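In what follows, a structure is listed as structure tokens, so that the remarks can point back to it.
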Amino acid sequence: MKAGVVVFPGSNCDQDCFHVLRNVAKVETEYLWHRDATIPSDVGLVCLPGGFTYGDYLRVGAMAHVSPIVRAVKEFAARGGFVIGVCNGFQILTESGLLPGALMHNDCLKFLCKTVPLKVERHAAPWTDFEGEVLRVPIAHGQGNYYIDPDGLERLQDNGQILFRYSDPDGDVSKETNPNGSVDNIAGITNEKGNVLGMMPHPERCSESELGNTDGLRIWESVLGHCR
């Protein structure tokens with residue numbers, strides 16, 4: 001089994017994700033180019049990394065979601081393949097319809113770059129083989145304010161699709177612990193089948209002891225354990 005990291009014009013976290021998957025999580029990893037129309041048959045996990053795809057013109061992810069590789073990712077996900085979109089990758093997943101909702105400008109209208117507590121809401125294989133814990137994961141975004149209408153939010157809640165919420169270090173979720181204005185403090189969701197995950201925080205930036213934090217590695221190891 002291999003992992004694939006998609007590279008778009010404007011991606012800037014592709015090498016980070018590639019490094020963590022290949023050198024830290026020890027899985028064979030290859031780059032997938034935005035013009036590729038297919039995903040190799042031996043790839044079991046596809047990562048859409050953070051960055052500013054196509055300069056974030058029109059809307060973030062609006063141009064990326066019509067690229068050939070995203071059409072291939074949609075087919076891959078429909079077959080049950082595992083897909084993770086981080087930050088800009090999450091935005092692309094919502095633009096493509098693989099995940100519901102949309103990402104808007106942070107309510108503070110400022111770019112946010114800091115480490116935040118992240119409550120794991122549920123045991124949700126393949127992404128989290130644990131629940132109720134609080135991870136420390138960096139955010140770096142200007143448009144991370146997740147929005148979905150009340151009916152959509154109710155569906156997310158009823159289906160158990162909300163995987164991560166912004167919280168305090170003790171796991172308490174409140175308006176004060178919400179960095180960007182996201183509905184219901186949402187930091188990460190899955191699709192109904194559970195094989196597609198979108199999250200604004202960057203697990204690849206906290207996956208090595210050299211960085212002083214390995215909380216993100218738990219997410220990679222969880223999904224790779226299921227892929228293998």
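Tabulated data
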{"read-out": "Members of the range 75-108 found to be among the charged types (D, E, K, R) and either within 14 Å of the chain's Cα centre (by Cα) or surrounded by 18 or more Cβ atoms within 10 Å (Cβ to Cβ) (or both), listed by number", "value": "GLU95"}
{"read-out": "Condition broken by VAL5, with the remaining ones in (1) among the aliphatic types (A, V, I, L, M); (2) part of a loop (DSSP other than H, G, I, E, B); (3) under 16 Å from the mean Cα position of the chain (by Cα) satisfied", "value": "(2)"}
{"read-out": "Filtered residues of the range 205-218 (kept if at pLDDT below 95 and among the hydrophobic types (A, V, I, L, M, F, W, C))", "value": "LEU211"}
{"read-out": "The range 146-178, subset aliphatic (A, V, I, L, M) and part of a loop (DSSP other than H, G, I, E, B), residue nearest to the chain's Cα centre (by Cα)", "value": "ILE148"}
{"read-out": "Only listed residue being under 21 Å from ARG205 (Cβ atoms), of a type in the set (Ser, Thr, Tyr) and in contact (Cβ under 8 Å) with a residue 40 or more places away in the chain, chosen from TYR166, TYR147", "value": "TYR166"}
{"read-out": "Residues located in the range 219-228, provided they are touching a Ser or Thr at 6+ places or on another chain (Cβ under 8 Å) and either modelled with pLDDT under 95 or not aliphatic (A, V, I, L, M) (or both)", "value": "TRP220, SER222"}
{"read-out": "Some residue of the range 106-114 being hydrophobic (A, V, I, L, M, F, W, C) and closer than 26 Å to ALA125 by Cβ", "value": "no"}
{"read-out": "Residue within the range 38-45 that is in a helix (DSSP H, G or I) and free of Cβ contacts under 8 Å to residues at least 24 places away in the same chain present", "value": "no"}
{"read-out": "Positions within the range 178-204 being crowded, with 18+ Cβ neighbours inside 10 Å and either over 14 Å from PRO100 (Cβ atoms) or modelled with pLDDT under 95 (or both), in sequence order", "value": "ASN178, PRO179, ASN180, ASN185, ALA187, ASN195, MET199, MET200, PRO201, HIS202, PRO203, GLU204"}
{"read-out": "Residue under evaluation GLY181, criteria (1) touching a residue at least 60 places away in the same chain (Cβ under 8 Å); (2) within 28 Å of GLY81 (Cα to Cα); (3) outside any helix (DSSP H, G or I); (4) not aliphatic (A, V, I, L, M), criterion not met", "value": "(2)"}
{"read-out": "Pairs where the first residue, in the range 1-21, is within 19 Å of TYR57 (Cβ to Cβ) and the second is hydroxyl-bearing (Ser, Thr, Tyr) and in a helix (DSSP H, G or I), C-beta under 9 Å, 6+ apart", "value": "PHE8/THR53; PHE8/TYR54; PRO9/THR53; PRO9/TYR54; GLY10/THR53; GLY10/TYR54; SER11/THR53"}
{"read-out": "Filter pass, PRO126 being modelled with pLDDT under 95 and either in a loop (DSSP other than H, G, I, E, B) or within 15 Å of the chain's Cα centre (by Cα) (or both)", "value": "yes"}
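The values are calculated or read from the model by the stated rules, or taken from the named source; none is laboratory data. Bear in mind that the values here come from a model prediction, so they are computed numbers and not experimental data. Using ideal geometry, Cβ is built from the backbone for each residue, glycine included, and neighbour counts are taken over all protein chains shown.
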